[in-house]
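Undergrad: Encoded as structure tokens, here's the structure I'll be asking about.
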Amino acid sequence: MASLRSRCRILLFCFIILVAQQSIIVCAESIMTPAPASAPGPSSDGKILDLGIAYVLMFGALAVTYLMHPFGTSPANFI
């Protein structure tokens, strides 16, 4: 019986040491894990927005010019 108790104590001691080692490894991995990278800067510097505004203004100018020009007139009719 004495040898059985000593074997159980040795196994329990080894189990406790094993659990302690694993918990230390898990804690060390979580500490050493790098922080996530910061978000990248904006991908657009406003060029696309400026281009969109320019196209809208040009389309507006074309529409106003078309509507202001009288229908059926050409430079030949002004002579």
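Undergrad: Can you find even one residue in the stretch 55-66 that is exposed (fewer than 10 other Cβ atoms within 10 Å of the Cβ), over 38 Å from the mean Cα position of the chain (by Cα) and at pLDDT 80 or above?
TA: Within the stretch 55-66 (the criterion being exposed (fewer than 10 other Cβ atoms within 10 Å of the Cβ), over 38 Å from the mean Cα position of the chain (by Cα) and at pLDDT 80 or above), the answer is yes, since at least one residue qualifies.
Undergrad: Shifting gears a bit: Of these, Ser38, Ser44, Ser30, Ser74, which one is over 29 Å from the mean Cα position of the chain (by Cα) and either modelled with pLDDT of 70 or more or among the polar types (S, T, N, Q) (or both)?
TA: When all the criteria are applied, what remains is Ser74.
The values are calculated or read from the model by the stated rules, or taken from the named source; none is laboratory data. In this text, all values refer to a predicted model and were calculated from it rather than measured experimentally. All Cβ positions, glycine included, derive from the backbone under ideal geometry; neighbour counts span all protein chains shown.
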